[in-house]
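The values are calculated or read from the model by the stated rules, or taken from the named source; none is laboratory data. If you're wondering where the values come from, they're calculated on a predicted model, not measured in any experiment. In this analysis, Cβ positions are derived from the backbone assuming ideal geometry, glycine residues included, and neighbour counts consider all displayed protein chains.
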């Protein structure tokens, strides 16, 4: 049992274990880190946002030229849009990602998504504040990709919302936590082709009529953790524009350069 698990095990009442929420866990984790200095996620000893210095240097931040439409990196500057975006324009207007999704960046992202590491969210928000700066400057509102209530209940927090909230505080762009909702519980997108991903999320997102005024006439910046084919972002963009949004841009912590077998 880890020191963290040992401390949580002390939270017992009437014979039952009280499981603290993500924010309480983050606070307890911070306290434990002062007593028991943690090791890097990749096994190193030098800490840098949960990674060793060596692993940190391997993260491929997207500082060079990228496609304005989908955020895919270019080997060199060939223009504003890639061939795929020119051939088939997307429902969202532009996209940016802070880094490539690979074996190095996957670890901290999955720690946030599935491992209660909500303390990593402000770090990812800072990455986005730099990578998506042009989109942030044009945005009237920031909104996270929503989870279905059933998945939110099991996970207890929405990782996209955990990133969007501090990003809103950093930038001063208003935060819309519930203007966009996921009405239909969808299967996980992992392992699906681009076509299947689109079918999976088709019609899944909606802006409820009573909340449409929050997005009508506004430029919305949609926040997500990982962008693979853009199917989820497109589904969200269609719902937001149907409610009157004049522009929808996307900012993701990481994007997959090519379809791969990485688990998201």
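Matching residues to (1) within 27 Å of residue 110 (Cβ to Cβ); (2) touching a strand residue (DSSP E or B) at 6+ places or on another chain (Cβ under 9 Å); (3) touching a residue at least 24 places away in the same chain (Cβ under 8 Å); (4) part of a helix (DSSP H, G or I):
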position	(1), (2), (3), (4)
213	no, no, no, yes
221	yes, yes, yes, no
224	yes, yes, yes, no
233	yes, yes, yes, yes
248	yes, yes, yes, no
251	yes, yes, yes, no
254	yes, yes, yes, no
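Hey, could you check segment 110-130 for residues that are modelled with pLDDT of 95 or more and in contact with a strand residue (DSSP E or B) (Cβ under 7 Å, 6 or more places away or on another chain) and say which is farthest from residue 181 (Cα to Cα)? Once the filter is applied, the top-ranked residue is 127. Exactly one residue out of 143, 95, 179 is surrounded by 20 or more Cβ atoms within 10 Å (Cβ to Cβ), more than 16 Å from the chain's Cα centre (by Cα) and not in a helix (DSSP H, G or I), and it is 179.
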